[in-house]
Each structure stands twice: as structure tokens, then as C-alpha cells.
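What follows is a single structure, written as C-alpha cells, with notes after it.
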Amino acid sequence: MRMNVYKVSLLLGLSVAASSYGSMIGVNFVGNSVAAADYTLTTTQNAGVANQVNWNNAKLNSGATADLFGPLAGQLADNTGVDSGAAITWSANGKGKVGRAGVTDDNVLMNGYLDDSSTVVGNNATVTFGSLNQFAADGYKVYVYFGAATDNRTGTISDGTTTFYTKTKSSTSYSFPADYTIATSTTDGTYVAANYAVFSGTADDLTLTYQRDSGNGGILGIQVVAVPEPATLGMLGLGTIITLLIRRSVSA
């Protein structure tokens, strides 16, 4: 009986953890003119700090929703493989490749990028989302993966409100998901090694910009994660309470 109680407690705990993210949109920048396996995520590959499947792939250095391929060609799909209702445009000077063998799904995500190869201010790697409120009515978090083929290149990643000062940490010396490192420095000129940044927002439109400093770098991928709806949060709370009650009864 006690073993069954532990099993129920474990399943509830896992259910709570798995449900902590809302709906997601994932965009992987292939960094290549062709859909090579080590750079393109299939519909079943699970990648990102907020693990998801059904990634959209973009292989052009400038494009829009109609240029995406993956779960739904020409549409911005969510993690269930249906149209999210949101839109995307992106632009960069070129495409970049880290050159690692795929091996893991996250290594595929962290392999190609929109390359800011220009030293001219304003010639950045830029991604803009539109109609996000249709996808995430209660707000969202954004995970932006960035880097280059060479480590310690300085640059910034910004959503127009918050700017992180970073050094690239994404060469073939690293493997993912083990080496995911969040950006922390918002101090101008203080560059700290990282490979992803997290932003929050509620606006219908969102623009993300990577600006190089000491060398080429760019955006490898982006996840937009909807804030869970109140009903979902209620279920999370209920699951947590039930798990705690079961554990207490076992200890008594």
C-alpha cells in the first residue's frame, strides 16, 4: 500500500512539473541554405530550456512566416503542431554555423544562427513577432538562444526594454542541454559568458535584437512560452496540495 501511495505522489509531482509551462512556439534558425540534419529540428525532436517538440525551422537570413518549414509549412506552429495565430519576421546580414555534430536535439538547436556579421550599428540580427496576444492572452516568457562558432565574442541581446551584455559560449567545446547558461549582466560593458536570455512581456508585438561587438554572433533560436491560464495554475496548486497531503499521510 505504501509503495502505491509513493507512486501516486511521484506521478502527481511529475504532472505538476510537466504542466508548469503554457503553450509554446519554438523557432530554430538553421544557419544553412539547405535543411541539413545537424541543423534542422524534426517535429519529434525535443529541445530548449523549456522542452518542446514541433519546432519551426527558418533557413533564410531574412524572411517571414510564409518562409518557415516544419510542422506547418508557411505557418508559425505551436508545440502541439497547430497554427499559433502569431506571426514572425526576421533579418540578418547572413547565416552562421557552429559546426557541431547533432548528437542531441539541443545540439541541433544550438548549431545554426542568424549572423550579425556587420560592424555597422543598426545592421543587427533582428526577430519580430506579431499577434502574440492571440497566442498568449495572459503574457509570455521568451527564451532567446544566441552564440557563435567561436567563444568569448562580446555582444548584446535585447527586447527593447532589457539589454543583456554577453560573451558567446556556444562553440563545439560545449554540449547541450548540459551547458545552457543564462545571461545575467545588464551592466553596460560588463560582458558575462552565456548562451540564452529570458525576457517577459505582454505586448502584442515583440522585437528581439542581437548586436555584435567584438566579433560575429547571432540568434540560434527562440521560444515564446505562454503564461499558464488561471485554470491551469489552479490545477498546479491542487496537484501540489494533494502531493503534500499524501506525503504527510505516509510519514504519519
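Read-outs throughout are calculated quantities, based only on the coordinates presented, and are distinct from any laboratory measurement. Just so it is clear, the model here is predicted, and its values are computed rather than measured. Every residue, glycine among them, receives a Cβ derived from its backbone with ideal geometry; neighbour counts consider all protein chains shown.
Applied to the range 169-177, the Karplus parametrisation 6.51 cos²θ - 1.76 cosθ + 1.60 on θ = phi - 60° returns per-residue 3J(HN,Hα) values of 9, 8, 5, 5, 6, 10, 10, 10, x Hz, with x for Gly and Pro.
Building the convex hull from the alpha-carbon atoms of the range 22-227 and averaging its projection over directions returns 9.5 nm².
Legend: residue pairs LYS59/LYS95; LYS97/LYS141; LYS59/LYS169, Cα-Cα distance threshold 19 Å; pairs beyond threshold, LYS97/LYS141; LYS59/LYS169.
Sorting the segments 180-187, 23-30 by their mean number of nearby beta carbons within 10 angstrom, highest to lowest, gives 23-30, 180-187. Less than 5 angstrom separates the built amide H of LYS167 from those of VAL192, ALA193, ALA194, all sequence-distant by 5 or more or on a different chain. Applying the Karplus relation 6.51 cos²θ - 1.76 cosθ + 1.60 with θ = phi - 60° to the range 54-59 yields 3J(HN,Hα) values of 6, 6, 8, 10, 10, 10 Hz, where x marks Gly and Pro.
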